[in-house]
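A short worksheet on the structure shown next.
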Amino acid sequence: MLGNIVFWLGLATSLVIGFLYFRDLGDVSQMLIRVKRKNMQRFIRNEYRLLTIGLVALALMTIAHFGFAAGSRGYAWTAILLSVFLYGFPYIWVHVGLRNQKDSARYYSIEEAKEYVSPSSQVIVIENNGIARAHPQAQLMRPHLAGNGEGLDGENVVMTYCAMANLGIGYSPEVEGQKIELEVLAQHGNNLVLRDNRTGEPIQQIYGFREADATPKTEGAACPLRPTLSMRPWPTFRMTFRGFQKAYPEGTVFINKPPSNPILYLFDQVLEMLFSSSIDRQHREAKPVMDNMSHYDDRLANKTYVWGVNFDNDAVCWTDDFVVEQENILNTEVGGQPLVVAWDPRYESLGIWYNNTGEPVNEIDFFGKTPAGQLKRVEGLRPGLFWHVWVEFFPHTDINRVGSVSEQVAA
């Protein structure tokens, strides 16, 4: 009697937890199931605790059946095989397939990178004191995180990348002097969800702070309890590889070279094909490949690329074609902060700078030089992400603003 109770309880517990693990962190499961954010966050926070409970329950079921002849042989083997898949797939996918390179990324010279990156390929760039690193999207697609001990001219910066959102942002993985141990876990709202392994807290890439540090809000974007609880964002911008070569001839390029281990090499090749196929669809089709969105807005087509910034509760995004129509430059204001938005045709890059000159800027180069002085790039820019992702997290956003809000209202 006791053996049967242990068998059936163990079977039920192991399969329920296994199903939840696959549903919430299996990633591909979101092509079929709409996963709730709160459920995903619960599993991210308690992953190893829940896995331990589920696997112990599976072990007790197995012992009860094979040691004490409890339960049914068919049910026992079904539970074991299902558990191998439900536990094994998400764990291998997340912790092996999406293994990041936040501490081990390798950067190569432009000449070496030419073997892997075509001239027109999009690269995501961070720069510090003239030292620049380019991250080709195809190379960054699967590791999602790239950085190393050398840092960016001595600064600890990790490039984060979400292929589903087409969004790269450089962050310093620290909060109030404490290091954040970043790991890739999942995506929700078509945006990367990371985890701080030191605290177990999820971090939405587009926001850059831990969920536990967020201020409860009923509308608009999420905000941290205080600004110092956000990871420091770095000025991050897009350009073509050929543009990067012109702007930073001494710059380095992240290349995700295949591993030497033959088993890991084959595993990675299979994942690359799966990723490439899904991301290609994400760029081609209007509907998100994983439709776990909660907000829809038809002011722009879903897959329009936008460059977005937010200050306080004021969010604005621009499309590159709109900026070009303004003769490549426009002056605006977001959250009371004067900005200059400009497209540089030589370097094929759209940039946004703080305007501290006190006057409209009508001439600016790729490096932020103006007749009135040097301007600083906006560090919170989300460059070239999909409109449907931007508006998911900033539903109150304005589009293609020129001038201040009061000027637009007056007009």
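The values are calculated or read from the model by the stated rules, or taken from the named source; none is laboratory data. Everything numeric here is computed off the predicted structure, so don't read it as measured data. Positions of Cβ are backbone-derived with ideal geometry, glycine not excepted, and every protein chain shown enters the neighbour counts. Note: accessible area is taken over every heavy atom of the protein model, side chains too, but ligands, DNA and RNA are not part of it. Shrake-Rupley method; radii C 1.70, N 1.55, O 1.52, S 1.80 Å.
Some values worked out for this structure:
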quantity	calculated
Neighbourhood charge, 10 Å Cβ-Cβ cut-off, centred on PRO258 and excluding it, Lys, Arg +1 and Asp, Glu -1	-1
Inter-centroid distance (Cα atoms) of segment 296-364 relative to segment 151-224, Å	23 Å
Gain upon complete extension [PHE367, SER118; 0.36 nm per residue less C-alpha separation]	87.3 nm
Amide H contacts of ASP103 (H built 1.01 Å from N, under 5 Å, at least 5 apart or other chain)	GLY147
Helix-only CD estimate at 222 nm, as mean residue ellipticity for the chain, using -39500 (n - 2.57) per DSSP H run (n ≥ 4)	-10000 deg cm²/dmol
Heavy atoms of ASP213 accessible to a 1.4 Å probe, total area in Å² rounded to 10	20 Å²
Inter-label distance for LYS38 and VAL84, nm, one decimal - labels placed 7 Å from Cα along Cα-to-Cβ	3.7 nm
Segment 171-236 shape via C-alpha gyration tensor axes, a/c threshold 1.5	rounded
Rg over Rh, two decimals, the chain (C-alpha only, Kirkwood Rh)	1.03
Distant-in-sequence amide H partners of ASN400 (H built 1.01 Å from N, under 5 Å)	CYS317, TRP318, THR319
Ranking by accessible area, most exposed first, for ILE92, ILE126 with a 1.4 Å probe	ILE92, ILE126
Table column - 3J(HN,Hα) (Hz), segment 77-90, Karplus curve with 6.51, -1.76, 1.60, x for Gly and Pro	5, 4, 5, 5, 5, 4, 5, 4, 6, 5, 8, x, 4, x
Distance-filtered residues of segment 13-37 - backbone nitrogen under 13 Å, label point 7 angstrom along TYR75 Cα→Cβ	13-15
Taking N as its residue count, the alpha carbon Rg of segment 5-72 over 2.2 N^0.38 Å	1.28
Heavy-atom accessible area ranking, 1.4 Å probe, most first, across TRP343, TRP390	TRP343, TRP390
Greater than 32 Å apart at Cα, pairs in LYS114/LYS287; LYS179/LYS303; LYS179/LYS217	LYS114/LYS287; LYS179/LYS303
Heavy-atom accessible area ranking, 1.4 Å probe, most first, across THR357, THR236	THR357, THR236
For LEU339, distant residues with modelled amide H under 5 Å away	THR332, GLU333, VAL334, ASN355
Rg [Å, one decimal], Dmax [Å, integer] - segment 54-105, C-alpha atoms	16.0, 52
Rounded tilt (10° steps) of 2-25 against the dominant C-alpha axis of the chain	20 degrees
Angle between the chain longest axis and helix 262-284 axis [Cα atoms, degrees, rounded to 10]	60 degrees
Distance in nm between pseudo-label sites at LYS287 and ASN261 (7 Å out along the Cβ direction from Cα)	3.8 nm
Cα-based helix-to-principal-axis angle, 47-68 vs the chain, degrees rounded to 10	20 degrees
